[in-house]
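Written below as structure tokens is the structure these notes are about.
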């Protein structure tokens, strides 16, 4: 059988204390990211072999993590303080593998979009911009 069931994946938020304690962001329905990308430098010259463009790797970007939640104001409104904070906070994305696979990263909450349709549940979409290198362990 190929594939791993994603059920049970958690985005955990650090409390900033020493030692830091991480708490799962409840009611998450969809989590994506980090969306890693890398810039390249064009180093093509007049004497590049066979007139092919040449590139070198340059700056890397941790991208974003997006999370959809079943919105519960009692649980999720604390994130407004994260949105107002200019300093990145520590987070962990924990996958339900044995042993657990974890992406640890610092990020800034850049998007918080609640939705209240008349014929469906309350939901919210959250977007985090990663600052620095995410660490896979």
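The values are calculated or read from the model by the stated rules, or taken from the named source; none is laboratory data. Because the structure is a prediction, the values reported are computed rather than measured. Heads up, the Cβs are rebuilt from the backbone with ideal geometry, glycines too, and the neighbour counts pull from every protein chain shown.
Please go through region 5-22 and pick out each residue that is part of a strand (DSSP E or B) and either at pLDDT below 95 or within 14 Å of the chain's Cα centre (by Cα) (or both).
Of everything in region 5-22, those that are part of a strand (DSSP E or B) and either at pLDDT below 95 or within 14 Å of the chain's Cα centre (by Cα) (or both) turn out to be 10, 11, 12, 13, 14.
Consider residue 34 against the criteria (1) loosely packed, with under 11 Cβ neighbours inside 10 Å; (2) touching a residue at least 12 places away in the same chain (Cβ under 8 Å); (3) in a loop (DSSP other than H, G, I, E, B): it satisfies all of them except one. Which criterion is unmet?
Among (1) loosely packed, with under 11 Cβ neighbours inside 10 Å; (2) touching a residue at least 12 places away in the same chain (Cβ under 8 Å); (3) in a loop (DSSP other than H, G, I, E, B), residue 34 violates only (1).
Looking at residue 26 and the list (1) under 18 Å from the mean Cα position of the chain (by Cα); (2) touching a residue at least 24 places away in the same chain (Cβ under 8 Å); (3) assigned to a loop (DSSP other than H, G, I, E, B); (4) more than 20 Å from residue 124 (Cβ to Cβ), which single condition is not satisfied?
(4)
Please specify each residue of region 95-124 satisfying the condition of being assigned to a loop (DSSP other than H, G, I, E, B), under 23 Å from residue 135 (Cα atoms) and either over 18 Å from the mean Cα position of the chain (by Cα) or in contact (Cβ under 8 Å) with a residue 40 or more places away in the chain (or both).
96, 97, 98, 99
Does residue 101 count as surrounded by 14 or more Cβ atoms within 10 Å (Cβ to Cβ) and closer than 15 Å to residue 13 by Cβ?
no
Which one of these does residue 60 not meet: (1) without any contact (Cβ under 8 Å) to a residue 60 or more places away in the chain; (2) within 14 Å of residue 132 (Cα to Cα)?
Of (1) without any contact (Cβ under 8 Å) to a residue 60 or more places away in the chain; (2) within 14 Å of residue 132 (Cα to Cα), only one is false for residue 60: (1).
I'm trying to understand the selection: among the residues of region 41-92, which are touching a strand residue (DSSP E or B) at 6+ places or on another chain (Cβ under 7 Å), exposed (fewer than 12 other Cβ atoms within 10 Å of the Cβ) and in a loop (DSSP other than H, G, I, E, B)?
43, 53
Got at least one residue in region 56-67 being more than 23 Å from residue 18 (Cβ to Cβ) and at pLDDT below 95? Spell out how you get there, then give the answer.
We begin by selecting, within region 56-67, every residue more than 23 Å from residue 18 (Cβ to Cβ); these are 56-67.
Of the ones still in play, those that are also at pLDDT below 95 are none.
No, there is no match, as no residue in region 56-67 is more than 23 Å from residue 18 (Cβ to Cβ) and at pLDDT below 95.
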